[in-house]
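Chemist: First the structure, which I've put down as structure tokens, then a few questions once you've had a look.
Coordinate-derived values only; no laboratory data. Here the structure is a predicted model, which means the values were calculated and not measured. With ideal geometry, Cβ positions are generated from the backbone for all residues, glycine too; neighbour counts draw on all protein chains shown.
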Amino acid sequence: MSELARQIERYLEELARGGASPHTVAAYAADLRQFLEFLSPPETAPPKPQAVDLLMLREWLAALYRMRLAAVTIRRKLAAVRGLYRFLLREGVVRVNVGRLVRTPKAPQKLPEVMTPEQVNTLIDGVAAGKLERPFPARDRAIFELLYGCGVRVSELAGLNLEDVDRTERWLRVRGKGRKERQVPLPGQAAGALERYLAQRPVVREERAVFLNHRGQRLTARGIRGIVKLYATFISGDPSIHPHSFRHAYATHLLADGADLRAIQELLGHARLSTTQKYTQVSLTGLMAVYDKAHPKA
């Protein structure tokens, strides 16, 4: 194994130990493997980490552009290389983070598609009506109520344990990205749906997950996505609706009703306010649509 390959393995192990999600580790592993392959032409050993320079990085980025990759994909690959060299700089392997010497490609600002409150309520009411015969209707309704009522990520919902639910004070303790914990209010309808489900939830020894699958094991994020897609297709005729759609709706509807942007940032668990600010644009776009439709001078 070359020195660069060995350092990449060390970096990925450090990421995993630091609490990075398995998805992030897998994505960075694939990106860095591709980076290593680019620097390793046939029958040629890759350079040592210290020998990778600005010219090599520019050639690598040019190759990515020739592959017609999206700007957001190239940004992620560059972030993986920067993360690797930040780690190597901290470890004293290199003297400079060469990844910081190249400019980050600009990604087009794409606003998320957001359901209206009426669309969300129609979908959740359809789940509650039981029109779709399902083995665990109370569980399924609680999933939808928590996704919209609490704005949690699908991974956070799947990771909820029984001890994370404060049923008296109506709070949820959720573990977000990087294992950061935060508290999220549990509103009335979501609390009621959760109570009805927990009253029916099978008692499975040593299984602390709130949401269980048909085998009595923790329901995975993939399982939740499948449930959401099934109901969305059947009730709304829209298979593109996914768990994150409810998180977008949660933030946008809070902002439209006057909630403070900083408060929404805390509720969503965003590390940066700039991440939350995209919902300001969504809200403004909605206001302009209302203006164009209703104002006589539009």
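Chemist: So if each residue of separation counts as 0.36 nm, and I subtract the Cα-Cα distance between Thr275 and Leu162, what length gain in nm does that give?
Modeler: Additional length available on full extension: 37.7 nm.
Chemist: Still on this structure, I have one more. In whole Hz, what ³J(HN,Hα) sequence does segment 216-228 give by Karplus (6.51, -1.76, 1.60; θ = phi - 60°), x for Gly and Pro?
Modeler: x, 10, 4, 6, 7, 4, 5, x, 5, 4, x, 5, 4
Chemist: Long-range amide H contacts for Val93: which residues qualify at under 5 Å (H placed 1.01 Å from N, peptide plane, sequence gap of 5 or more or a different chain)?
Modeler: For Val93, no residues qualify.
Chemist: Can you list residues from other chains, or at least 5 along the same chain, whose modelled amide H is less than 5 Å from the amide H of Leu212?
Modeler: So Leu212 has HN proximity to Leu219.
Chemist: Calculated FRET efficiency, Met56 and Ala256, Cβ-Cβ r, R0 45 Å, to nearest 0.05?
Modeler: 0.40
Chemist: Stick to the Cα atoms of segment 117-293, pair each with every other, and give me the Kirkwood hydrodynamic radius in Å at one decimal.
Modeler: On the way: mean 1/r = 0.0592 Å⁻¹.
Kirkwood hydrodynamic radius for segment 117-293: 16.9 Å.
Chemist: Kindly provide the helix-only [θ] at 222 nm of the chain, computed as the sum of -39,500 (n - 2.57) over DSSP H runs of four or more divided by all residues, to the nearest 500 deg cm²/dmol?
Modeler: On the way: 13 runs with 164 residues, N = 298.
It lands at -17500 deg cm²/dmol.
Chemist: Same structure again: Placing unit charges on C-beta atoms (Lys and Arg positive, Asp and Glu negative, everything else neutral), compute the dipole magnitude of the chain about its Cα centre in debye, rounded to 20.
Modeler: With only Lys, Arg, Asp and Glu charged at Cβ, the dipole is about 620 debye.
Chemist: Enumerate the calculated ³J(HN,Hα) couplings along segment 192-203 in order (Karplus 6.51 cos²θ - 1.76 cosθ + 1.60, θ = phi - 60°), each rounded to whole Hz, writing x wherever the residue is Gly or Pro.
Modeler: x, 5, 5, 4, 5, 5, 5, 5, 9, 4, x, 7
Chemist: By average Cβ neighbour count within 10 Å, what is the ranking of 185-195, 42-52, 166-176 from highest down? If you can, show how the numbers build up before the last one.
Modeler: On the way: 185-195: 17.7, 42-52: 13.1, 166-176: 15.0.
With the highest mean Cβ count within 10 Å placed first, the list reads 185-195, 166-176, 42-52.
Chemist: Given segment 96-221, what whole percent of its Cα pairs are spread farther than 21 Å?
Modeler: Here the long-distance tail beyond 21 Å is 49 percent of all Cα pairs in segment 96-221.
Chemist: Just to check I understand the Karplus step: with θ = phi - 60° and J = 6.51 cos²θ - 1.76 cosθ + 1.60, what whole-Hz values come out for segment 88-97, glycine and proline as x?
Modeler: In residue order, the calculated couplings are 5, 5, 5, 7, x, 7, 10, 9, 8, 7 Hz.
Chemist: A further question follows. So how much slack lies between Glu118 and Val203, counting 0.36 nm per residue of separation and subtracting their Cα-Cα distance, in nm? Walk me through the intermediate numbers first.
Modeler: On the way: separation 85, 0.36 × 85 = 30.60 nm, distance 3.60 nm.
Answer, rounded to one decimal: 27.0 nm.
Chemist: Now for a different question. If R0 is 30 Å, what FRET efficiency do you get for Arg10 and Arg100 from their C-beta distance, rounded to 0.05?
Modeler: For R0 = 30 Å, the calculated efficiency reads 0.90.
Chemist: Have a look at Gly188, Pro49, Val25 and report the one farthest towards the positive end of the charge dipole of the chain, computed about the Cα centre with Cβ charges (Lys/Arg +1, Asp/Glu -1).
Modeler: Checking the options against the dipole of the chain, the answer is Pro49.
Chemist: Can I ask one more? Less than 12 Å apart at the alpha-carbon level, and either on another chain or at least 8 residues along: which aspartates and glutamates does that give for Lys177?
Modeler: The qualifying aspartates and glutamates are Glu156.
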